[in-house]
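Enquirer: Let me begin by handing over the structure; questions about it come next.
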Amino acid sequence: MSERLNDCSERMEKSLGNLKEELNTVRAGRANPHVLDHVMVDYYGAPTPVLQVANVTVPEARMIQIQPWEPNILKDIEKAIMISDVGINPTNDGKVIRLVFPDLTEDRRKELVKDVKKKGEDAKVAVRNIRRDAMDALKKDLKAAEISEDEEKDLEAEVQTITDSFVKKIDLAIEEKTKELMTV
């Protein structure tokens, strides 16, 4: 039965990891190369992440500099950034692309906090769905007489404990990102 609990825990860990990746892409006024994680460039006919076709650096707190390994894809990278949801217009000097992050307004900060909370809520829903799946599996095991009622109760309590711990971790991640966004 511990493999069920391990599976449940692993799936919840993936949901938490996914949330943390999503939170990394939310820009908080400071330059963070992770905002480019989902930006794909048409590289010889294949959609390729910007980070795989260029050197991405953060020379200043509010600037990302992108230097492609091949100068001929500079325009493609610029176009990919413009059509993405990064929300910053790139400047191109013929050799490198610069993304300058403006200071966030109070309204924009509040909007981003709402977005972060929504992402957190989605992660909690995913964790609860995993809990439901685990509970259903335990009920099936009980019906099939693979476990006793006492074992089922104990395992259900353990699944609930695991779920509670992941919900706390999600809340903590949301709280940290909110604090980061609201810091001027």
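The values are calculated or read from the model by the stated rules, or taken from the named source; none is laboratory data. As the structure is a prediction and not an experimental result, all values here were calculated from the model. In this analysis, Cβ positions are derived from the backbone assuming ideal geometry, glycine residues included, and neighbour counts consider all displayed protein chains. Keep in mind that these areas ignore ligands, DNA and RNA; they rest on the heavy atoms of the full protein, side chains included. Shrake-Rupley method; radii C 1.70, N 1.55, O 1.52, S 1.80 Å.
Enquirer: Does region 98-116 hold any residues that are surrounded by 14 or more Cβ atoms within 10 Å (Cβ to Cβ) and either of a type in the set (Asp, Glu) or in contact (Cβ under 8 Å) with a residue 40 or more places away in the chain (or both), and which are they?
Expert: Leu99, Phe101, Leu104, Arg109, Leu112, Val113, Asp115, Val116
Enquirer: How many residues are in contact (Cβ under 8 Å) with a residue 24 or more places away in the chain and out of contact with any Leu (no Cβ under 6 Å at 6 or more places or on another chain) when one looks only at region 138-157?
Expert: Residues meeting the conditions: 3.
Enquirer: Provide a single number: the residues in region 100-126 that are over 21 Å from the mean Cα position of the chain (by Cα), of a type outside the set (Ser, Thr, Tyr) and outside any helix (DSSP H, G or I). Break it down into steps so the answer makes sense when it comes.
Expert: Taking region 100-126 and keeping what is over 21 Å from the mean Cα position of the chain (by Cα), we get 100, 102-103, 105-107.
Retained after the next criterion (residues that are of a type outside the set (Ser, Thr, Tyr)): 100, 102-103, 106-107.
Subsequent filtering for residues that are outside any helix (DSSP H, G or I) retains 100, 102-103.
Final tally of qualifying residues: 3.
Enquirer: If you scan region 144-184, which residues turn out to be hydroxyl-bearing (Ser, Thr, Tyr), over 30 Å from Arg108 (Cβ atoms) and part of a helix (DSSP H, G or I)?
Expert: Thr161, Thr163, Ser165
Enquirer: Given the options Asn129, Asn72, name the one that is more than 15 Å from the chain's Cα centre (by Cα) and closer than 30 Å to Val41 by Cβ.
Expert: One residue alone meets the criteria, Asn72.
Enquirer: I'd like to verify a number: residues in region 124-178 that are open to solvent by 70 Å² or more (accessible area, probe 1.4 Å), acidic (Asp, Glu) and closer than 25 Å to Leu23 by Cα, how many?
Expert: 3
Enquirer: I'm trying to understand the selection: among the residues of region 28-51, which are open to solvent by 40 Å² or more (accessible area, probe 1.4 Å), part of a loop (DSSP other than H, G, I, E, B) and of a type outside the set (D, E, K, R)?
Expert: His38, Tyr44, Gly45
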